[in-house]
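Take a look at the structure below.
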Amino acid sequence: MNTDELYIKRCIELARKALGKTYPNPMVGSVIVHNGKIIGEGYHHKAGENHAEINAINSVEHKELIPESTIYVSLEPCAHYGKTPPCALKIKELGFKKVVIGAMDSHDKVNGKGKKIIQDAGIEAISGILEKECIELNKRFFTYHEKKRPYIILKWAESGDGFLDKDFKPTAVSNTLVNQLVHQLRADEHAILVGTQTALNDNPSLTVRNAEGENPVRILIDFDLKVPENFNIYSKEAKTLVLNSIKEETKDNIQFIKIKKESFMPDLMNALYKEQIQSVIIEGGRFTLQQFIDAGLWDEAIVIKNESLKLENGTKAPEFSYTANKTENYRDNSVSFFTSK
Ligand SMILES: NC(=O)c1ccc[n+]([C@@H]2O[C@H](COP(=O)([O-])OP(=O)(O)OC[C@H]3O[C@@H](n4cnc5c(N)ncnc54)[C@H](OP(=O)(O)O)[C@@H]3O)[C@@H](O)[C@H]2O)c1
Ligand SMILES: [Zn+2]
């Protein structure tokens with residue numbers, strides 16, 4: 001690893017501290033280096049707050065060193081006026097010696113414009129340093145902007161004999177260690193989705209009680225509005241989108257969005273794109289998961305298996321024939337991770 005790569009690696013490390021907290025913005029980290037020494041560091045904490053570059057600049061004690069310094073940033077500096085002025089202009093104004101960019105920003109409003117502002121100001125700018133890692137860091141953000149849909153993660157827990165529940169009634173399938181992992185996974189993603197039957201049978205609240213982080217946006221598929229509004233998924237703790245075929249209406253934390261059953265997947269993807277949902281975990285049940293699998297609309301899958309548990313009868317696990325990238329064991333449960341393509 002050369003020195004540019006080392007500093008970009010540090011940017012990634014910093015950026016990752018805000019995992020799950022920056023939606024709909026990307027995670028970005030920045031490091032300022034003068035004569036081989038880091039004199040400033042920062043990352044983007046939350047949408048609406050300072051961008052990484054600004055936090056890094058603000059952390060520099062001796063600002064007079066900036067014109068002789070290089071600023072490293074994991075994602076192309078922005079070029080548009082959003083909630084904050086463009087970082088590319090700030091970099092130009094302060095007159096950095098050099099700018100090193102991890103990945104370019106494919107977001108329509110940036111897409112090369114940030115780098116161009118910097119270069120037009122006569123500042124040397126290079127990009128594509130640890131590019132693969134920088135894209136992986138923001139896989140949700142890049143998928144959202146490039147595919148115009150959220151990054152999709154399928155997740156379920158099945159018994160040794162391949163069931164999701166017992167006799168179509170909720171049953172604990174995974175152990176407490178895995179449950180904690182699942183809550184962390186939820187906190188990292190922007191949203192979490194369940195089908196009608198799961199909401200009715202399990203009455204889940206879909207919050208992140210056992211982990212640190214924000215509650216994801218809850219998404220309920222309920223065409224005929226069968227799930228009563230006193231169910232946990234309607235609780236005040238988090239925002240809920242209810243995709244249905246009856247009404248379009250927002251009250252407090254609940255937003256009803258009308259979609260058609262016949263064009264379920266495209267309508268859902270459009271609605272989630274419009275709501276700026278950058279990632280979603282599909283938590284079931286079988287019917288819902290299978291629609292994503294059959295449509296090939298998924299990026300990752302996480303399958304928990306409790307090998308010694310036999311449930312004999314109930315909702316079958318989805319049909320899914322892919323090879324896991326890796327499998328981890330948590331006591332008597334295994335967790336397999338899959339990525340599509
Ligand atoms: N072990 C696990 O990881 C896990 C996870 C989640 C759920 N579960 C279990 O799975 C069971 C429920 O699974 P399920 O397959 O019966 O139900 P589900 O996927 O939660 O809900 C499916 C139902 O939603 C309605 N629906 C209609 N169109 C839909 C669409 N396009 N997308 C989504 N839903 C649509 C349909 O009901 P109508 O035909 O009535 O309209 C459909 O039967 C529960 O007992 C739950 O405990 C287990
Ligand atoms: Zn910016």
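The values are calculated or read from the model by the stated rules, or taken from the named source; none is laboratory data. Note that this is a predicted model, so its numbers are computed, not measured. No Cβ is skipped: glycine too gets one built from the backbone with ideal geometry, and neighbour counts run over all protein chains shown. Quick note on the areas: whole protein, heavy atoms, side chains included, nothing else; ligands and nucleic acids left out. Shrake-Rupley method; radii C 1.70, N 1.55, O 1.52, S 1.80 Å.
Per this entry, Ile219 is counted among residues that are more than 9 Å from ligand 1 (Cβ to nearest atom) and in a strand (DSSP E or B). A single member of Gly296, Gly284 is modelled with pLDDT under 95, under 24 Å from the mean Cα position of the chain (by Cα) and part of a loop (DSSP other than H, G, I, E, B), and it is Gly284. Only one entry in Ala47, Ala88, Ala56 is assigned to a loop (DSSP other than H, G, I, E, B) and either closer than 24 Å to Glu136 by Cβ or of a type in the set (A, V, I, L, M) (or both), namely Ala47. Set side by side, the residues Leu309, Leu289, Leu243 differ, and just one is in contact (Cβ under 8 Å) with a residue 40 or more places away in the chain and not in a loop (DSSP other than H, G, I, E, B), which is Leu289.
In the set Ala172, Ala191, Ala121, Ala187, which member is open to solvent by 20 Å² or more (accessible area, probe 1.4 Å) and closer than 30 Å to Glu319 by Cβ?
Criteria check complete, one pass: Ala172.
Annotation: Ile152 fulfils all but one of (1) within 21 Å of Asn232 (Cα to Cα); (2) modelled with pLDDT of 95 or more; the unmet one is (1).
Scanning for something more than 8 Å from ligand 1 (Cβ to nearest atom) and buried (at least 20 other Cβ atoms within 10 Å of the Cβ), does the range 195-204 turn up at least one residue? No, the conditions are met nowhere in the range 195-204. If you go through the range 196-237 and keep only what is over 22 Å from the mean Cα position of the chain (by Cα) and among the acidic types (Asp, Glu), you end up with Asp202, Asp222, Asp224, Glu229. Quick check on Lys274: is it open to solvent by 90 Å² or more (accessible area, probe 1.4 Å) and either touching a Ser or Thr at 6+ places or on another chain (Cβ under 8 Å) or under 16 Å from Glu158 (Cα atoms) (or both)? No, not satisfied. Restricting the range 87-129 to residues that are within 28 Å of the chain's Cα centre (by Cα) and small (Gly, Ala, Ser), which is nearest to Lys147 (Cα to Cα)? Residue satisfying both the conditions and the ranking: Ser106. Listed by first and then second residue, the pairs linking a residue in the range 103-127 that is among the hydrophobic types (A, V, I, L, M, F, W, C) to a residue that is open to solvent by 30 Å² or more (accessible area, probe 1.4 Å) and in a strand (DSSP E or B), with Cβ atoms under 6 Å apart and 6 or more places separating them unless they lie on different chains, are Met104/Ser127.
Report yes if some residue within the range 62-75 is over 27 Å from Ala211 (Cβ atoms), modelled with pLDDT of 95 or more, in a helix (DSSP H, G or I) and open to solvent by less than 40 Å² (accessible area, probe 1.4 Å); otherwise report no. Looking through the range 62-75, at least one residue is over 27 Å from Ala211 (Cβ atoms), modelled with pLDDT of 95 or more, in a helix (DSSP H, G or I) and open to solvent by less than 40 Å² (accessible area, probe 1.4 Å). Of the helices (runs of 4 or more DSSP H) lying entirely inside the range 93-203, those containing at least 3 residues that are within 16 Å of ligand 2 (Cβ to nearest atom) and not acidic (Asp, Glu) are 113-120. The requirement of being among the acidic types (Asp, Glu) and surrounded by 20 or more Cβ atoms within 10 Å (Cβ to Cβ) is fulfilled nowhere in the range 231-244; no residue meets it.
Each residue in the range 36-48 was checked for being out of contact with any Lys or Arg (no Cβ under 8 Å at 6 or more places or on another chain) and open to solvent by 60 Å² or more (accessible area, probe 1.4 Å), and 2 of them qualify.
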